[in-house]
Amino acid sequence: MRPLCLAEDGCVSWEAYRSHKDVARFVLVERWASRDHCGTHDSGAAIQDIYIPEIMPRIEREVHPSAPVVPV
């Protein structure tokens, strides 16, 4: 999925991490130029052709839309 996501308009970065404590647990961090870009991503090939049919049936998913912490 990484190359497909990175090729999408507005994808700033895409990284996957595996837990040291639980090798079955992963964290996926995607950065998008805007919420609109992220929303468009849902209809792209990475999600429709790989994530939904191949990955979703195998995982428990928690989505946490986030923003950078701005120092005060």
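Within the range 31-61, the trypsin sites (Lys or Arg not before Pro) that combine a DSSP coil assignment with at most 15 other C-beta atoms in a 10 angstrom radius are 61. Sparsely packed loop sites in the range 16-72 (the GluC sites (Glu not before Pro) outside DSSP H, G, I, E and B with at most 15 other Cβ atoms within 10 Å) comprise 60, 62. Over the residues of the chain, the helix contribution to mean residue ellipticity at 222 nm works out to -4500 deg cm²/dmol, using -39500 (n - 2.57) for each DSSP H run of at least 4.
Springs join every pair of Cα atoms under 10 Å in this Gaussian network model of the chain, and among 49, 36, 22 the largest mean-square fluctuation is at 22.
Mean separation of Cα pairs under 8 Å and 6 or more residues apart, divided by the residue count, gives the chain a relative contact order of 26 percent. Karplus-derived 3J(HN,Hα) values for the range 30-37, using 6.51 cos²θ - 1.76 cosθ + 1.60 with θ = phi - 60°, are 10, 10, 10, 5, 7, 4, 4, 4 Hz; glycine and proline are entered as x.
Read-outs: derived from the displayed coordinates by stated rules, not from any lab. Computed from a prediction, not measured in an experiment: that's the story for all the values here. Note: ideal-geometry Cβ built from the backbone for every residue, glycine included; neighbour counts use all protein chains shown.
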